[in-house]
1. Only residues that are closer than 28 Å to A311 by Cβ, outside any helix (DSSP H, G or I), of a type outside the set (S, T, Y) and open to solvent by less than 70 Å² (accessible area, probe 1.4 Å): list them for the stretch 236-262, please.
2. If a residue must be of a type outside the set (A, V, I, L, M), within 12 Å of the ligand (Cβ to nearest atom) and surrounded by 21 or more Cβ atoms within 10 Å (Cβ to Cβ), how many such residues does the stretch 198-211 contain?
3. Can you go through I214, I195, I233 and tell me which one is touching a strand residue (DSSP E or B) at 6+ places or on another chain (Cβ under 7 Å), open to solvent by less than 60 Å² (accessible area, probe 1.4 Å) and β-branched (V, I, T)?
4. Is one or more of the residues making up the stretch 196-217 at pLDDT 95 or above and basic (K, R)?
5. How many residues are more than 16 Å from the ligand (Cβ to nearest atom) and either closer than 30 Å to T43 by Cβ or not charged (D, E, K, R) (or both) if we restrict to the stretch 246-268?
6. Return a yes/no flag: does the stretch 28-40 have any residue that is closer than 14 Å to L202 by Cβ and open to solvent by less than 20 Å² (accessible area, probe 1.4 Å).
7. For the stretch 263-296, name all the residues that are in contact (Cβ under 8 Å) with a residue 24 or more places away in the chain, surrounded by fewer than 23 Cβ atoms within 10 Å (Cβ to Cβ) and in a helix (DSSP H, G or I).
8. Which ones in the stretch 111-125 are within 11 Å of the ligand (Cβ to nearest atom), open to solvent by 10 Å² or more (accessible area, probe 1.4 Å) and not in a helix (DSSP H, G or I)?
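The values are calculated or read from the model by the stated rules, or taken from the named source; none is laboratory data. Treat the numbers as computed from the prediction; the structure is a model and nothing was measured. So basically every Cβ, Gly included, is an ideal-geometry build from the backbone, and we count neighbours across all protein chains shown. When the accessible area is computed, the model is the full protein with side chains, heavy atoms only, and any ligands, DNA or RNA have been set aside. Shrake-Rupley method; radii C 1.70, N 1.55, O 1.52, S 1.80 Å.
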Amino acid sequence: LDASITGWLLRLLSPAGKRARAQIFSYHRVQDAENRFVSDDPTIDDFRMQMSCISEVCNVLPLSELVYRFGEGSLPANAAAITFDDGYINNLTHALPVLEEYQLPATIFVAVEPVKQGIMWNDLIIEALSRTQGKAHFQYKGLAFNFEANRSCIEDVLGKFKYLLHEERAEAAHQFYSFCTDVAPPRLMLTPEMIAECKSSLIEFGAHSISHPILANLDDERCRHEIYKSRQIISDWCGAEIQTFAYPNGRPGKDFGPREMNLVKEAGYIGAVSTLWGPLTRESDVFAIPRYTPWEHSPGGFKRRILLTNANL
Ligand SMILES: [Zn+2]
């Protein structure tokens, strides 16, 4: 699709002002090579292609400004925002240079504990598998399974750990890592210093909880703590007010619900993003904003996807 036709169709679907819609693009990591171990995050080249398409057909705003102007009814046509969950170093090393090339703002949602620890439990397992070969038998307390280290077993192995309790899962993942390799685990997450030193006017930070739990499973006090305290800590790190929140896992009705949405509102955030697929429309709640995760590898496919997502198809 021609960029001007796509832009014109998008303006019909997503006009400026009170009837505006918006599209929020959701990323985690941006990776540097095709032969990466995990396949669903874009490479720098995919990411550049997607940013080039977005800059041609969308009006990208920082998410906090987008939420504010959505409330005011003053969004531009074809409004969009770009978000990254979890707080990976590659958001600054790999994604930011591309964002600068196209002058596109983005929001990085930081989870506090992963930043302190350097790596998330699921990445620890992926890194462990990428550093080992062959069949093995792993045992940890009630957890025992055989696995063969290759790409196809990632989901299987992650699935085994997913059902452990939060505290136990971190410990089990560390055991699994040292079972697989002697090499020290790499730091994948930003440090508080990197967050403090990031002075790019294109980047704003949002909160993504303290320990990345399924909020709906927590008691009231712990849930409140995850939402309130993360806002304060990340604000201290980056030296700016935190306006937006991303629910861990993010499925409305499963991972969060009315209780979490109320707590987010009470804590002073102006909006929150989910992982529900779709555009932000007049029917949406700004405390459960739908998003879209791009996977297309061609500009035509990606522009078509932007149109279809905006049309909610
Ligand atoms: Zn996350």
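1. Within the stretch 236-262, F245, A246, G250, P252, D255, F256, G257 qualify.
2. To start, the set of residues in the stretch 198-211 that are of a type outside the set (A, V, I, L, M) comprises 198-201, 204-206, 208-209, 211.
Narrowing the set further to residues that are within 12 Å of the ligand (Cβ to nearest atom) leaves 206, 208-209, 211.
Among the residues that remain, those that are also surrounded by 21 or more Cβ atoms within 10 Å (Cβ to Cβ) are: 206, 208-209.
Count: 3.
3. After ruling out the rest, the residue left standing is I195.
4. no
5. Total satisfying the criteria: 8.
6. No - not one qualifying residue is present in the stretch 28-40.
7. L263
8. Answer for the stretch 111-125, where residues must be within 11 Å of the ligand (Cβ to nearest atom), open to solvent by 10 Å² or more (accessible area, probe 1.4 Å) and not in a helix (DSSP H, G or I): just M120.
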